[in-house]
Amino acid sequence: MKDIYCSKVFLPGLALGLALLLTMQGLGSMMDELAVASVSEDCGKWKVSFNWSDMDEYESSVSHGDSASGKTAIATDALTLVSAADKAKVLKVSVIMYSKDDASLINQSSLRILANGTLAKSKVCKEINVTERVVDGQSGIVASGLKCPMNEPVYVVVYPVEYHMDRPGGILESTAVGLVLSTYGQEVTERFIKSVKIVQIN
């Protein structure tokens, strides 16, 4: 009789426990989804949109630089996101604008050279991995490696961005490259890469 009584008490308890567990898992999934929001930041001529965790606050800044390569003028608008909790976590989005329409600047070979050069400037020295990947509908390059001497991960993404210039003679098609440099972890960086959109607004 005691065993039967225990079984009658145990089974409803087990069912209730399973129901609570499934409910908590469902709430956990909802919380994970709710914790990620779409964010937009203005960056010079551009608007940068991406998905970001509400739990990871950041400080943002915008900069602009001008340079030249031969007869080609180069302008760069950059958006920098720095983690409020850990200043070593930085995600920088640069849009490199060229003063001419030149397909050779955005072919896979040129993008690969740019990605490797960015890793080298970031003092990445080992476990270097470079692959082709579609980013925001464009064929680009994703590179990663470990920065020496502390073995911090660094991620670099480069891909073409649609760009035009306003001139007295009208709007001219030109060439631009989006470059993402991240020292955030893989999860944050991957979420950013999958969701990033860079759109010209000026």
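Evaluate the following for residue 171: is it exposed (fewer than 14 other Cβ atoms within 10 Å of the Cβ), over 12 Å from the mean Cα position of the chain (by Cα) and aliphatic (A, V, I, L, M)? The answer is yes for residue 171.
Matching residues to (1) among the aliphatic types (A, V, I, L, M); (2) assigned by TED's automatic domain parsing to the domain that holds residue 45; (3) under 20 Å from residue 50 (Cβ atoms):
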site: 100; (1), (2), (3): no, yes, no
site: 103; (1), (2), (3): yes, yes, no
site: 107; (1), (2), (3): no, yes, no
site: 118; (1), (2), (3): no, yes, yes
site: 132; (1), (2), (3): no, yes, no
site: 136; (1), (2), (3): no, yes, yes
site: 150; (1), (2), (3): yes, yes, no
site: 157; (1), (2), (3): yes, yes, yes
site: 177; (1), (2), (3): yes, yes, yes
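Only residues that are of a type in the set (S, T, N, Q) and in contact with a Pro (Cβ under 9 Å, 6 or more places away or on another chain) were counted across region 127-172, and they come to 3.
Here's the yes/no breakdown for (1) among the basic types (Lys, Arg); (2) in a strand (DSSP E or B); (3) more than 20 Å from residue 197 (Cα to Cα):
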residue	(1), (2), (3)
55	no, no, yes
62	no, yes, no
65	no, yes, yes
80	no, yes, no
87	yes, no, yes
92	yes, yes, no
95	no, yes, no
109	no, no, yes
133	yes, yes, no
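Would you be able to tell me the number of residues in region 38-72 that are exposed (fewer than 14 other Cβ atoms within 10 Å of the Cβ), more than 26 Å from residue 88 (Cβ to Cβ) and touching a strand residue (DSSP E or B) at 6+ places or on another chain (Cβ under 7 Å)? The total comes to 4. Filter region 145-165 for residues that are farther than 22 Å from residue 197 by Cβ and not hydrophobic (A, V, I, L, M, F, W, C); which is surrounded by the fewest Cβ atoms within 10 Å (Cβ to Cβ)? Here the answer is 149.
Considering region 135-175, the residues that are among the polar types (S, T, N, Q) and assigned to a strand (DSSP E or B) include one that is modelled with the lowest pLDDT, namely 174. Could you list, in sequence order, the residues of region 111-131 that are farther than 15 Å from residue 159 by Cβ and not in a helix (DSSP H, G or I)? Of everything in region 111-131, those that are farther than 15 Å from residue 159 by Cβ and not in a helix (DSSP H, G or I) turn out to be 122, 123, 124, 125, 126, 127, 128, 129. Pairs are defined by a Cβ separation below 6 Å, a sequence spacing of at least 6 or placement on different chains, a first member in region 51-63 that is touching a residue at least 60 places away in the same chain (Cβ under 8 Å), and a second member that is of a type in the set (Val, Ile, Thr) and part of a strand (DSSP E or B); the pairs so defined are 51/36; 52/39; 53/36. Residues in region 93-112 that are buried (at least 17 other Cβ atoms within 10 Å of the Cβ) and not polar (S, T, N, Q): 93, 95, 96, 97, 98, 105, 106, 111, 112.
Regarding region 140-154, can at least one residue be identified that is within 23 Å of residue 42 (Cβ to Cβ) and free of Cβ contacts under 8 Å to residues at least 60 places away in the same chain? Taking every residue of region 140-154 in turn, at least one turns out to be within 23 Å of residue 42 (Cβ to Cβ) and free of Cβ contacts under 8 Å to residues at least 60 places away in the same chain.
The values are calculated or read from the model by the stated rules, or taken from the named source; none is laboratory data. These numbers come from a predicted model, not from an experiment. Counting neighbours? That spans all protein chains shown, and the Cβs are built from the backbone with ideal geometry, glycine included.
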